[in-house]
Amino acid sequence: MLLLAAALAVCAPGPRDHCVHDGDTVWWEGEKIRIADIDTPELNGACEYERDLALRARNRLVQLLSAGAFQIARKGQDRYGRTLATLHRSGRSIGDQLVAEGLARIWSGRREPWCPGA
């Protein structure tokens, strides 16, 4: 694993190189990476709560990845062709940090609803 550092921003429409799409998906050097150890809400979620939490998770991931060098530990690909990986800084999973802050949950292997009462 190499130490990587870059100031990342939210992905804009069009070609993507280095940016954060949502709370668990980033683009690095044109490679679409799904953070393998967490699940975050969807930006186009089913309720206002989910959409708000999705924005907070995405914005926090931008902050975390822009704060300094991190490592990408690749673990294969998912069924959509995205690279599955965990992201680490100083030996700690960045995904775990999002979970601890209430912006993500540990990936259970399947999507689960985020909306209250769903």
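Bear in mind that the values in this text are calculations on the coordinates, not laboratory data. Bear in mind that the values here come from a model prediction, so they are computed numbers and not experimental data. Counting neighbours? That spans all protein chains shown, and the Cβs are built from the backbone with ideal geometry, glycine included.
By how many nm would the segment from residue 118 to residue 73 lengthen if fully extended, with 0.36 nm per residue of separation less the alpha-carbon distance?
Details: separation 45, 0.36 × 45 = 16.20 nm, distance 3.35 nm.
Gain on stretching residue 118 to residue 73: 12.8 nm.
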**Fill in**
Expected sort for 26-34, 14-22 on mean C-beta neighbours within 10 Å, highest first, is 26-34, 14-22
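Tell me, rounded to the nearest percent, the portion of alpha carbon pairs in the chain spaced more than 22 Å apart. If you can, show how the numbers build up before the last one.
Details: 1926 of 6903 pairs.
Summing the P(r) tail past 22 Å for the chain gives 28 percent.
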**Request:** Sort all Cα-Cα distances of segment 71-118 into consecutive 10 angstrom bins from zero, then give the percent of pairs in each bin up to the one containing the longest distance.
**Result:** 22, 45, 28, 5
